[in-house]
Amino acid sequence: MATATLARHSLAHFMDLESIKYSIAAQPVSRRQSLHLFYHRCYYHKPCSVVVSMNGCQGNPRGRVPIGSIETRTFPAVTSPALATDTLNLAISELKANPPLFTSGILRLQVPIQQQIEAIDWLHSQHQIHPRCFFSGRRQSKDFTEVTNGNGYQKSNNVVSVAGVGSAVLFRDVHPFCYNDWKSIKRFLSANCPLIRAYGAIRFDARANISSEWEPFGSFYFVIPQVELDELDGCSMLATTIAWDNAFSWTWEQAVDAVEATMTQISSNVLKLSKEVTRSFILSNSHVPCKMYWDLAVERALQIINRSSSPLTKVVLARSSKFVIGNDIDPIAWLACLQVEGENAYQFCLQPPNAPAFIGNTPEQLFHRNCLGISSEAMAGTRVRGGSMALDLQIQLDLLSSPKDHLEFTIVRDNIRKKLEAVCDRIVVEPNKAIRKFHRVQHLYARLAGELRSEDDEFKILSSLHPTPAVCGFPTEEARLLIAETEVFDRGMYAGPVGWFGGGESEFAVGIRSALAEKGLGALIYAGTGIVKGSNPSLEWDELELKTSQFTKLLKLEGPSRQKIENSGIIN
C-alpha cells in the first residue's frame, strides 16, 4: 500500500451565481486577492504530517505558508460548450506569454454557457480522463414531501451539480484527517472566489486497516479539478483551474502545460445519457455477512445493549454485497440512473486514477455552512411508502408512534444538538420530530441550525459530527469498537463525510446508499441499519434489502424508460 503519495488541492466552487446568470453578456471580470493567512497548531487531533502532491511533485508546507494569489476570471458568455472550450484554450495560450509574478497561486478561468447542460452528461463524455468527480445537491421535485408543523425549510441554491476531471491539486493521505489537513485545503480557497471548491470524502473509520479496493482513496481524498462543468439553473459554465507552487517544484509553466494537455482531451460533444440501465446478467453475488452471521451479529449487539452495565444504546451494523455481472458496469451511467431515482438526494462520484468509482445517492446531510451559519439534519427510522393515501398515512402514524424508532431517532437528534451546542451560540431545532417522505421510503426527521463562533469551528463541526449515531451508534466510541470487532469488511468511505469545502461555504452529506463500481470488476454495494433495544434481526435484514434495492434493480432487468422509473418510486 502506498503510504504517503498524497495530493492535495481544493475543488471548485461558484462565484456569485446570480450575477453570472444576469451578467451573462458582461465584459470579462478579473478578481485578484493576495491572501495573508495565519495558521494554528494542529489541535483536536494529534499533530499530523501534511504531504501535498501537485501532479506528482511533493512538498510539505503544512498549510502555514500563504498562497500568493487566488483569482477568478470570467469571460463573456457563449452559446455552446465548443465555443467555451475555444475561449478557454485561447485564454490559456495568452497566459503562457504573460506569467504571473507570484511563486504560488490558483487561477480559475470560467466561461458561462447560455444553455443548461447536465453535468452528468458532460462527465460521461469525458470518459477517458481521470481522476473525475461529481457532486449534485438536492433537487426538489413535485413528489417530494416533508411533513412538519408548518415551518418547513427549503434551501435555495442555484447550483444544480458539478462535474470535474483532472486534478489541479489532489489531497490524499493514509493518516486520519486533521486540522492541518483542513488548513492545507483552505489555503487554496477564498470567499472572494467562491467557485473554487475542494470535493472529496473521508473514511468512516480512519483507524481501521485500508483494504485493497479502498487504497487509492487513502484515509481522505479531496481534489480541485483541472476542468469542470458547472450546471446552474437555466445555464452552465465551463472552467479550468491552474494551480502552482514553487515549494512543490511545480512551477507556473508546468501547471499551464498540464492544463493545456488536459484541455486537448476534453470533448465538446456532449451526448445526453438515456438514464436507462442496460440488461445485466448477474454471474455471482454474495453478502458479508451472510444472513446467518448477520442474525448472530445483531443478537450479540442486542445482548450488549440490554446489559444494565452497558452504556451502549445503539450500534449501526452494515453489510457489503458483492455483485459480479456479465457485462461492464459504467459508473457514470449508474450514477445517472440514481439521479433519476433520487431527485431529492445528494448524488456523488469520486474516482481516483486506476481505481473504482465511489458513487452514491444519499438523503442525509451532515452539515451545510454558509459564512458562520451552520445547519445539520437528524434522520432515522425507515418505512416504505404506502400504495394509497390511506395506507401511507397509516404507515406514517406507525413510524411516528413506534417506541423503537423514536428511541433510535432521539439518540441521533440529541447527539447532533449537543455537538452543535459546543461551537454555536444558539441552536434551533425545527421541526423537533417530523416525517420526511420520499417516493418509496419515509424517515423520522429534524433540522438543526445555529451560528458558529468562528469559521475555524468548521473543522470542529466536521470532526465532531462524524460519525453521527445514524451511521455509527451511541456512545460513539463504544459503537465504533463494536463495529470494528463485528464487521469483517472495510467500510472505506461508506458512511463517511462526502462533499466539498469552499472559501465561504461548505456542504457535506453522509456517504450512505453507496457503492464501489468499476468496469470489469462489478460492484460492492453497502448498506447499514441501526440496532437498538427492540430490534429484530430479520426485519433489519429486510431494511438492508430495501436500502440496496436502488442498486440491485439496475442489475437484474433491462432498464425501464425514464417515465417508468419515475412512476415506480424513488428510494433515497
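The values are calculated or read from the model by the stated rules, or taken from the named source; none is laboratory data. Just so it is clear, the model here is predicted, and its values are computed rather than measured. Glycine also receives a Cβ, built like all others from the backbone with ideal geometry; neighbour counts cover every protein chain displayed. Surface areas here come from the heavy atoms of the whole protein model, side chains and all, with no ligands, DNA or RNA. Shrake-Rupley method; radii C 1.70, N 1.55, O 1.52, S 1.80 Å.
Within region 436-448, the residues that satisfy the criterion of being open to solvent by less than 20 Å² (accessible area, probe 1.4 Å) and assigned to a strand (DSSP E or B) are R436, K437, V441, Q442, H443, L444, Y445, A446, L448.
The residue of region 173-192 that is surrounded by the most Cβ atoms within 10 Å (Cβ to Cβ), among those that are over 27 Å from L372 (Cα atoms) and not aliphatic (A, V, I, L, M), is D173.
For region 453-501, filtering for residues that are out of contact with any helix residue (DSSP H, G or I) (no Cβ under 7 Å at 6 or more places or on another chain) and outside any helix (DSSP H, G or I) leaves 17.
Looking at this structure, is R300 assigned to a strand (DSSP E or B) and either surrounded by 18 or more Cβ atoms within 10 Å (Cβ to Cβ) or assigned by the TED database to the domain that holds V510 (or both)? Judged against the criteria, R300 is not a match.
Return yes when L312 is at pLDDT 95 or above and part of a loop (DSSP other than H, G, I, E, B) and no when it is not.
yes
When region 242-257 is filtered for residues that are open to solvent by 20 Å² or more (accessible area, probe 1.4 Å) and in a helix (DSSP H, G or I), the ones remaining, listed by number, are N246, A247, E253, Q254, D257.
Among the residues of region 359-388, write down those that are open to solvent by 10 Å² or more (accessible area, probe 1.4 Å) and either aromatic (F, W, Y) or without any contact (Cβ under 8 Å) to a residue 24 or more places away in the chain (or both). Scanning region 359-388 gives G386, G387, S388.
All conditions in (1) open to solvent by less than 20 Å² (accessible area, probe 1.4 Å); (2) free of Cβ contacts under 8 Å to residues at least 60 places away in the same chain; (3) not in a helix (DSSP H, G or I) hold for D405, with the sole exception of (3).
Take A509 and tell me if it is hydrophobic (A, V, I, L, M, F, W, C) and in a loop (DSSP other than H, G, I, E, B). Judged against the criteria, A509 is not a match. Per the conditions (1) within 19 Å of the chain's Cα centre (by Cα); (2) under 21 Å from S320 (Cβ atoms), the sole criterion not satisfied by V223 is (2).
Within the set G534, G504, the sole residue that is assigned by the TED database to the domain that holds G473, surrounded by fewer than 23 Cβ atoms within 10 Å (Cβ to Cβ), at pLDDT below 95 and closer than 30 Å to N158 by Cβ turns out to be G504.
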